[in-house]
Each structure stands twice: as C-alpha cells, then as structure tokens.
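Down below is the structure, laid out as structure tokens.
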C-alpha cells in the first residue's frame, strides 16, 4: 500500500471517482461523507493526507478543517496535510482555506492524472519536510551535547584550581536548575540556567592558585583580587553572543539583594533574575562544602544562614525555594551528590 488518503465529501459519486483514481495508483482511500464522520475517524486513524470538500451540509469544509486542527492538538497528533476540493469559483473561500494552512486547492471536475500527481506530490513534500525537520533537530541535539560536553570540561578545569571545591560548578548548576524548575521555568530556560551555573566561576581561571588555595583567611589585597573574578568571567563569556546570559551569571552572582554585593552593588530586581538564582545556589554549596579555611557547616546552620539572608543577601523568593529543598533533604545528602 503506497499511501493512506481520507476523503470527505457529501457527494458519494465524487468519493467513488476519487477512490477509483487514487486506487489505481496504489493508494488506500477512506470514504467519509461528513465533517463529523471525519472527526470520529481522526481519533483512531491518521491518514497521510486529507481531501476535504468545501461545500457540505451541517459542517462545511472550513468549519471541519478548524475542528480537525483542534482535535489534533487535543490528541497531540501532527497536523495532517489537507487539500480542499470544490466546484465553486469563490476566490474568497480559496483564500481563506490557504490562509488557514491548507496545502492545495483542487477544482472539480478532476483530471485523473493531475489529481493523482498533486496528491502524491503533497504527501511526498510533507514527508520530506518532516524528515528535514527531524534531521535538523538531530543535528541540533548533537551540537547541544557537544557544547554541553565542552562546558562541563571547562567547569571541571575551573574547579580543579581549588582542591577543596571539586564538583562545585556542577552542583551549583544542579541547584540553580532545580530552583528555577520550582519557580516555573520552562525546559529551554532550565537548560540555559544549568549551563550558566556551570560557568559562573569561569573568571577564577585568572586568579592565582596561591590565593584560591590559601590555607586561611585572605588579607584585604588577596580578597580584592578574588573579587575581580566576576568581571573576568563576564569578559571571557561575553564573546559567546548567542548566549548572553552566560556573562550575566558570571558577572552578577556575587551581588546581594540589599545592594551590598559586588562588583556593581546592584540591588533587588536590578540584579538579573538568573544571577539571583545562581547566588543562592552558590552560597548553599559554599556553606555545605569543605573549604581551605573551614569544614562544611551543619545543615541547621546552613538553613539558619539562608533564612537570615532572605531579603538582604538573597532574593526572598528563591531563598524560600532553597529552604524548601533543605527541609526535604532530611538526611543532608544533597550537598554530597547534588541533584
């Protein structure tokens, strides 16, 4: 069987004619005499193409077409290509049908060979478009996977500078994505914030290892050097023009909600939302990880610090989400394996 075709026409003689023409070309034709019959049929079958008469009683072709698209959305089906059939010379109807997305418009009476060719070409073009879209999607996924692999390698290189923060960037990315998910971000936005979280500390590449790994408290000069890493990171990532949010996360993840952070002292909602999310994730991981100058803090201490920082250090909305995550983590495992 070559193709499956459904035809909707209240004139049985037209259905018989079309079945004969297309049957000779090896196509299976499902005959339907009303829009309602089509809508019932579509719930259980998916033809390669639909031939739809314009002038029909009860539901005309335009009404049937619109109802068809609603059912396809309801069922999560791909749109079936539609060719309208008409013996009417009304150009307004033809224009309306094509505006709605019809693939073609064939006038009665049919020239058999032309009908068969136009139906075949429409089906083959639709399949070609779907194959092309699938191939583009496949290549996009491959490119995304390659990019993510490179980003993860870079994040690992950043973390390797600090012997005490192995896995820090991945954990911050995980926490950030989970906060964003609970805040209602869509899948695409979650992917972007995850990548942004991975690279939030990229500026530390430009900080001397001796300062990063100092066994003890930093002096004022050393602390001033550490505080340059957000701007260094933003400068590095600003060259990736397709993802400007990467530099946003790097530049502003040390800003505070009360305006007392760095490098620019931004306050409240002037701080980009993505940076506010990463800030709370970064702070949580800093408190729950061993550092050169102290051991990881007990969970109750971490929780109290985040509670105290709501509205001052942290955006209160995202801090509250982090508190929920902590309260759900009854065995204090989140700090060890991320999410």
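Tell me, what is the percent relative contact order of the chain, built from C-alpha pairs under 8 Å that lie six or more residues apart? Please list the in-between numbers first.
Numbers: 472 pairs, mean separation 36.4, N = 339.
Relative contact order here is 11 percent.
Considering the values [x] 17.6; [y] 23.4; [z] 14.3, which represents mean projected area of the Cα convex hull in nm² as calculated for the structure under consideration?
So the structure-derived entry is [y].
Roughly what % antiparallel, to the nearest 5, for the DSSP beta bridges in the chain?
In the chain, approximately 5 percent of DSSP beta bridges are antiparallel ones.
Using every Cα-Cα pair within the stretch 4-134, state what percent have a distance larger than 19 Å.
So the pairs more than 19 Å apart make up 45 percent of the total in the stretch 4-134.
Any number yet on Rg/Rh for the stretch 223-339, C-alpha, Kirkwood?
Working: Rg = 14.7 Å, Rh = 15.0 Å.
Radius of gyration over Kirkwood radius for the stretch 223-339 works out to 0.99.
Quote to one decimal, in nm, the extra length available between residue 107 and residue 121 on full extension: 0.36 nm per residue of separation minus the C-alpha distance between them. Mind showing how you got there, number by number?
Numbers: separation 14, 0.36 × 14 = 5.04 nm, distance 1.67 nm.
Length difference between fully extended and current span is 3.4 nm.
Of the candidates 68, 190, 246, which one comes out as most mobile in a Gaussian network treatment of the chain with C-alpha springs shorter than 10 Å?
Among 68, 190, 246, the largest mean-square fluctuation in the Gaussian network model of the chain belongs to 68.
With a ≥ b ≥ c the root eigenvalues of the C-alpha gyration tensor of the stretch 200-286, is it rounded (a/c under 1.5), prolate (a/b larger than b/c) or oblate?
Oblate, since a/c reaches 1.5 and b/c is not below a/b.
Take the alpha-carbon centre of the stretch 38-63, take the same for the stretch 273-291, and report the distance between them in whole Å.
With the stretch 38-63 and the stretch 273-291 each reduced to a Cα centre, they are spaced 56 Å.
Let me check I have the definition right: for the stretch 145-191, take the eigenvalues of the Cα gyration tensor, multiply each by 5, take square roots. What are those semi-axes in whole Å, largest first?
Equivalent ellipsoid of the stretch 145-191: 23, 14, 4 Å, largest first.
So what's the back-of-envelope 222 nm ellipticity for the chain, counting only DSSP H runs of four-plus at -39500 (n - 2.57) apiece and dividing by all residues, rounded to 500?
After summing the helix terms and dividing by the residues of the chain, the value is -18000 deg cm²/dmol.
Got a sec? How would 200, 121, 254 order by Cβ neighbour count within 10 Å, fewest to most?
Sorted ascending by nearby Cβ count, the order is 121, 254, 200.
Would you kindly state how much longer the chain becomes between residue 144 and residue 269 on full extension, computed as 0.36 nm times their sequence separation minus their alpha carbon distance, in nm to one decimal?
42.0 nm
Return one number: the angle in degrees, 0 to 90 and rounded to the nearest 10, between the long axis of the Cα atoms of helix 112-160 and the longest principal axis of the Cα atoms of the chain.
Between the helix axis and the principal axis of the chain, the angle is about 10 degrees.
Based on the Cβ-Cβ distance from residue 2 to residue 332, what FRET efficiency comes out when R0 is 45 Å, to the nearest 0.05? Intermediate values should be presented prior to the final figure.
Values: r = 63 Å, r/R0 = 1.40.
So the FRET efficiency works out to roughly 0.10.
Could you tell me the distance between the Cα centroids of the stretch 98-170 and the stretch 173-237, to the nearest Å?
Measuring centre to centre over Cα atoms gives 32 Å.
Cut-off 10 angstrom, C-alpha nodes, Gaussian network model of the chain. Which of 13, 169, 238 fluctuates the most?
13
In nm, give the distance between the simple-model label positions of residue 187 and residue 221, each being 7 Å from the Cα along the Cα-to-Cβ direction.
5.3
If we count other beta carbons within 10 Å of each Cβ, what is the order of 201, 285, 219, fewest first?
219, 285, 201
More than 15 angstrom separation, counting every C-alpha pair in the stretch 201-249; what % is that? Intermediate results must be reported in sequence, preceding the final value.
Values: 554 of 1176 pairs.
I get 47 percent for the Cα pairs in the stretch 201-249 exceeding 15 Å.
Along the Cα-to-Cβ line of residue 129, 7 Å from the Cα, sits a label point; which residues in the stretch 72-112 have backbone N less than 14 Å from it?
78-84, 98-105
So what's the angle, to the nearest 10 degrees on a 0 to 90 scale, between helix 316-328 and the longest Cα principal axis of the chain?
For helix 316-328, the angle is close to 90 degrees.
Hey, fewest Cβ within 10 Å first, where do 188, 247, 34 land in order?
Fewest-to-most ranking of 188, 247, 34: 188, 34, 247.
Under a 10 Å cutoff between Cα atoms, tell me which one of 92, 220, 327 has the largest fluctuation in the Gaussian network model of the chain.
Comparing 92, 220, 327 in the GNM, the peak value goes to 92.
Bear in mind these aren't lab numbers, they're just calculated from the coordinates by the rules spelled out. All figures in this text were calculated on a predicted structure; none of them were measured in a lab. Neighbour counts are summed over all protein chains in view; Cβ atoms, including those assigned to glycine, are modelled from backbone coordinates with ideal geometry.
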